[in-house]
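One structure is given below, encoded as structure tokens.
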Amino acid sequence: MSKSKINIKKVGDYWKKSAYYDFDTAKFLFKGKRYPECLFFCHLMIEKNLKALVVKKTKTHAPYIHQLVDLAKVAKIDLNEEQIDHLTEITGFNIAARYDAYKFNFYKRCNRFYTEKYFKISKELYLWLKKQL
């Protein structure tokens with residue numbers, strides 16, 4: 001089976017535009033005090049920027065995974081320990097916001113202080129990744 005050629009610019013632009021939309025959504029949800037949902041979208045905006053970087057650097061489609069540290073590795077991005085810790089924590093927002101077994105504890109954790117902290121961290125990571133695009 002041969003690899004199909006992809007339009008790198010088109011696929012990369014899709015991920016970048018989608019990431020920006022999710023960033024805008026996260027801001028809206030934070031202002032509306034929808035904290036668990038805000039953090040879920042924080043995960044999405046970072047995941048999509050990482051997928052745009054995977055496409056840019058590998059010239060192939062991004063893998064169907066949601067683990068942010070793993071996506072950074074595929075994109076050949078050097079991360080420091082703090083970034084790894086943050087991306088690991090943010091990856092958990094994807095699962096915790098989706099599945100009922102995790103939601104209750106996640107919702108309790110998502111007070112204003114916790115959400116504000118990780119929204120700020122997510123925004124910094126999002127902007128840092130965006131500069132690499």
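Within segment 98-112, the set of residues being more than 17 Å from the chain's Cα centre (by Cα), more than 19 Å from L125 (Cβ to Cβ) and of a type outside the set (D, E) comprises Y99, A101, Y102, K103, F104, N105, F106, Y107, K108, R109, N111, R112.
Where the second residue is not hydrophobic (A, V, I, L, M, F, W, C) and the first is farther than 23 Å from N105 by Cα and lies in segment 20-36, which pairs have Cβ atoms under 6 Å and are six or more apart or on separate chains? Correct list of pairs: F23/Y126. Taken across segment 63-73, residues that are touching a helix residue (DSSP H, G or I) at 6+ places or on another chain (Cβ under 6 Å), surrounded by fewer than 20 Cβ atoms within 10 Å (Cβ to Cβ), in a helix (DSSP H, G or I) and of a type in the set (A, V, I, L, M) do occur, with at least one present.
In this structure, is K57 more than 30 Å from N7 (Cα to Cα) and either touching a Lys or Arg at 6+ places or on another chain (Cβ under 6 Å) or not in a helix (DSSP H, G or I) (or both)? Working first, answer last.
Details: more than 30 Å from N7 (Cα to Cα): no; either touching a Lys or Arg at 6+ places or on another chain (Cβ under 6 Å) or not in a helix (DSSP H, G or I) (or both): yes.
Here the answer is no, as K57 does not meet what is asked.
The listed residues are I95, I90, and the only one of them that is modelled with pLDDT under 90, under 14 Å from the mean Cα position of the chain (by Cα), in a helix (DSSP H, G or I) and within 23 Å of K51 (Cβ to Cβ) turns out to be I95.
Considering segment 21-38 alone, what residues qualify as being within 15 Å of N49 (Cβ to Cβ), surrounded by 15 or more Cβ atoms within 10 Å (Cβ to Cβ) and either of a type outside the set (S, T, N, Q) or at pLDDT below 95 (or both)? Can you show your working first?
In the first step, residues of segment 21-38 are kept if they are within 15 Å of N49 (Cβ to Cβ); the result is 21-26.
Then keep just the ones that are surrounded by 15 or more Cβ atoms within 10 Å (Cβ to Cβ); that gives 22-23, 25-26.
Correct list: D22, F23, A26.
Given the criteria under 13 Å from the mean Cα position of the chain (by Cα), more than 17 Å from R98 (Cα to Cα) and free of Cβ contacts under 8 Å to residues at least 40 places away in the same chain, does K48 qualify? In short, yes.
Residues in segment 65-83 that are under 13 Å from the mean Cα position of the chain (by Cα) and under 16 Å from E124 (Cβ atoms): L68, A72, Q83. The set of residues in segment 98-113 that are modelled with pLDDT of 85 or more, among the aromatic types (F, W, Y) and surrounded by 13 or more Cβ atoms within 10 Å (Cβ to Cβ) comprises F106, Y107.
Residue by residue, here is whether (1) over 24 Å from F119 (Cβ atoms); (2) in contact with a Lys or Arg (Cβ under 8 Å, 6 or more places away or on another chain) holds:
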{"site": "A19", "(1), (2)": "no, yes"}
{"site": "F28", "(1), (2)": "no, no"}
{"site": "V74", "(1), (2)": "yes, no"}
{"site": "N80", "(1), (2)": "no, no"}
{"site": "I90", "(1), (2)": "no, no"}
{"site": "I95", "(1), (2)": "no, no"}
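Taking the condition of being of a type in the set (S, T, Y) and farther than 14 Å from F30 by Cβ, how many residues in segment 81-123 meet it? Residues meeting the conditions: 5.
When residues of segment 1-54 are filtered for being assigned to a helix (DSSP H, G or I) and among the polar types (S, T, N, Q), how many remain? Talk me through it step by step, then tell me what you get.
Of the residues in segment 1-54, the ones assigned to a helix (DSSP H, G or I) are 8-31, 35-54.
Subsequent filtering for residues that are among the polar types (S, T, N, Q) retains 18, 25, 49.
Of the residues in that region, 3 qualify.
The values are calculated or read from the model by the stated rules, or taken from the named source; none is laboratory data. A quick note: this is a predicted structure, and the numbers were derived from the prediction, not measured. In this analysis, Cβ positions are derived from the backbone assuming ideal geometry, glycine residues included, and neighbour counts consider all displayed protein chains.
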